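One structure below.
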Amino acid sequence: MELQGEVIEIIYKNDLNSYCIAVLKLDKDIIKKNKKEMSDQIGITDEFNSIDDLDDEMTIVGYLPFINVGDTLKVFGKFVEHQEYGLQFKVDTFEKMMPQTTKALERYLANCGIKGIGPATARNIVETFGEDTLNVFKFEPAKLAQIKGITKDRAIEIANTFIENWEVWQLVGFLDKFGIGPQNAEKIYKALGVNAIDEIESNPYILVDLVNKVNFEQIDKMALNLGFEYNNEKRIRSGIKHALIRMTYNGHCCTRYEGLIDFVKKLLGVSENDIEDSIINLKAKEDIVLEERDGEEWVYLYQYYKAEENVARRLIELDEYKNVKKIDRFEKELELFEEKSSIELSEKQIEAISAINDNNVCVITGRTWYW
């Protein structure tokens, strides 16, 4: 389902993950175009019987980074019925469009956060340049110095910021091709900057390092469509990293060397020699760590190896401290506790408590059963 309109109010925005609740003033032509589909969806609620019952303002919810009042959005998603607030539109992804009217452009400029442009300056700019305002920003930024309070140098800075913001807008739609939602766009932009799209097109596999639980298969498909060879080293290195990251979803910090080779061979359809060469390169760059234990070789992502190493070091340090908490008459004290509390501990429980009493550090493992 597609809606289009202008953001007229931002009710709530989470600055950490860009989750947003906003009000969109709907484009009436889009409503007419999608009348049947919208009516079918709205028909599932008790409050709305047809599209004619729909107000031209709609609350939209979802991950919407970089949006401001005055933005024109094309949003894709579905209608949902909120238990307390009624009909809303849940956004899966969106495209940010240039404002469609001079009034919308004025509202955008007044709220876009560009230093040097407030409501009064925004109004002066739009009144001065009218329908040509966007072309001035894009192609003739020096003309902005005609506005009172804007110097020639500041005019260039303002125009550059405007263009940078446009690049960010494009990033959200571009990432959707890789199955990456808008909630990750801000993180990727901060990592790659205004040239993010060019960086990703030259090496889509960098997204594996930037986004958690990324759809590797979709990224790989896009990269191959862009002309990457099956045995491209960037592709193989990324496949190895993806395999090691995926392994951590099940709580593992490392995997056997042979198991990693087998998984990557099936994932990428490349030779064992190519995979081994990439493993050597990743090890040389300290992206991964190889460790031999009990005659088997294990492979870690570097950060997980260092984390496990740090835990082991801290456990050793704690174990070497003087045990100041030890209870000397442990068995007697335990008997007194059981008498006072009317609790009878099992052998395993007593064994665990005794170990804690005798040692500075104990690692107690167990299993949770779900019935």
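Readers should treat all values here as calculations from the given coordinates under stated rules, not as data from a laboratory. What you see is a predicted model, and the numbers here were worked out from it, not measured in a lab. Glycine gets a Cβ as well: all are built from the backbone with ideal geometry, and neighbour counts include every protein chain shown.
Worth pointing out:
- Helix 233-248 and the longest principal axis of the C-alpha atoms of the chain enclose an angle of approximately 60°.
- Of Ile343, Asn360, Ile327, farthest towards positive along the dipole that unit charges on Lys, Arg, Asp, Glu beta carbons give region 325-364: Asn360
- Potential extension, Asn310-Lys285 segment - 0.36 nm per residue separation minus Cα distance: 7.0 nm
- Between 0 and 90°, nearest 10: helix 257-268 axis offset from the chain longest Cα axis: 20 degrees
- For Leu210, Leu260, order by how many other beta-carbon atoms lie within 10 Å, fewest first: Leu210, Leu260
- Degrees between helix 330-341 axis and first principal axis of the chain (Cα, 0 to 90, nearest 10): 60 degrees
- Among Thr161, Phe139, Gly181 the positive-end extreme of the charge dipole of region 120-192 (Cβ point charges): Thr161
- Longest exposed-site-free window of the chain, the sites being trypsin sites (Lys or Arg not before Pro) in a DSSP loop that have at most 11 other C-beta atoms within 10 Å: 1-114
- Over the chain, relative contact order from alpha-carbon pairs under 8 Å, at least 6 apart, %: 9 percent
- Convex hull volume of the chain per residue (C-alpha atoms, cubic angstrom): 281 Å³
- Fewest-first ranking of Ile150, Ile240, using other Cβ atoms within 10 Å as the exposure measure: Ile150, Ile240
- What separates the Cα centres of region 221-258 and region 141-170 is a distance of 42 Å.
- Charge dipole of the chain (Cα centre as origin; +1 on each Lys and Arg Cβ, -1 on each Asp and Glu Cβ, all else neutral): 1100 debye, rounded to the nearest 20.
- Projected label points at His252 and Asn17, each 7 Å from Cα along the beta carbon direction, are separated by 2.8 nanometres.
- With K and R counted +1 and D and E -1, the other residues having a Cβ less than 9 Å from that of Leu73 yield a net charge of -1.
- The helix-only estimate of mean residue ellipticity at 222 nm for the chain, built from DSSP H runs of length n ≥ 4 each weighted as -39500 (n - 2.57), is -15000 deg cm²/dmol after division by the residue total.
- Under DSSP loop assignment and at most 13 Cβ neighbours within 10 Å, longest GluC sites (Glu not before Pro)-free interval of the chain: 85-228
- A cut-off under 10 angstrom between Cβ atoms defines the neighbours of Phe216, and their net charge, with Lys, Arg +1 and Asp, Glu -1, is +2.
- The length gained by stretching the chain between Lys221 and Asp198 to full extension, at 0.36 nm per residue less their Cα-Cα distance, is 6.5 nm.
- Residue order for Ile353, Ile11, fewest other beta carbons within 10 angstrom first, comes to Ile11, Ile353.
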